[in-house]
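I have placed the structure first, in the form of structure tokens, so that the comments after it can refer back to it.
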Amino acid sequence: MAQSTHNPDYQLLLAVLKTARKRVGVSQVELASRLGNTQTFVSKCERGERRIDAVELVEFAEALGVEPLGLLGEYLEQRAARLHPRSRKSSAKGR
């Protein structure tokens, strides 16, 4: 089990979180306010300088007004696509 914030799976989770924040049009400052924290905290989390746990992930999602399971589902879909990309041979066979 990877503990590093530099792990590709963890970096993907952070990218999904940041994309969700931008999609709903919330700045780091606004998100920080909703979380009762600082913009620096949000920035460090998004850059992987501070690892967030499952409870914090749920809090981030709720502060953004998105379903935590939806956010996690988005991450899992992207992770699966990265780990098991469709080969060109199999997609060519389906034509």
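The values are calculated or read from the model by the stated rules, or taken from the named source; none is laboratory data. Given the structure is predicted, the values throughout are model-derived calculations rather than measurements. Every residue, glycine as well, gets a Cβ built from its backbone with ideal geometry; the counts of neighbours run over all protein chains shown.
Within region 64-83, track down each residue that is outside any loop (DSSP other than H, G, I, E, B) and either in contact with a Leu (Cβ under 8 Å, 6 or more places away or on another chain) or more than 14 Å from Leu12 (Cα to Cα) (or both). Lay out the reasoning, then the answer.
Pass one, region 64-83, residues outside any loop (DSSP other than H, G, I, E, B): 64, 68-83.
Result: Leu64, Pro68, Leu69, Gly70, Leu71, Leu72, Tyr75, Gln78, Arg79, Arg82.
On the basis of being surrounded by fewer than 10 Cβ atoms within 10 Å (Cβ to Cβ) and either in contact with a Gly (Cβ under 6 Å, 6 or more places away or on another chain) or modelled with pLDDT under 95 (or both), does Arg82 make the cut? Spell out how you get there, then give the answer.
Numbers: surrounded by fewer than 10 Cβ atoms within 10 Å (Cβ to Cβ): no; either in contact with a Gly (Cβ under 6 Å, 6 or more places away or on another chain) or modelled with pLDDT under 95 (or both): yes.
So Arg82 does not fit the description; no.
Limited to region 36-49, what total is found for residues that are closer than 19 Å to Leu72 by Cα and over 12 Å from the mean Cα position of the chain (by Cα)?
Just the residues of region 36-49 that are closer than 19 Å to Leu72 by Cα, to begin with: 42, 45-48.
Of the ones still in play, those that are also over 12 Å from the mean Cα position of the chain (by Cα) are 42.
Of the residues in that region, 1 qualify.
So, restricting to helices (runs of 4 or more DSSP H) that lie completely within region 1-63, which ones have at least 2 residues that are over 27 Å from Ala80 (Cβ atoms), of a type in the set (Ser, Thr, Tyr) and without any contact (Cβ under 8 Å) to a residue 40 or more places away in the chain?
39-47
Residue by residue through region 7-34, note down the ones that are closer than 20 Å to Tyr75 by Cβ and polar (S, T, N, Q).
To start, the set of residues in region 7-34 that are closer than 20 Å to Tyr75 by Cβ comprises 7-24, 26, 28, 31.
Asn7, Gln11, Thr19, Gln28, listed by residue number.
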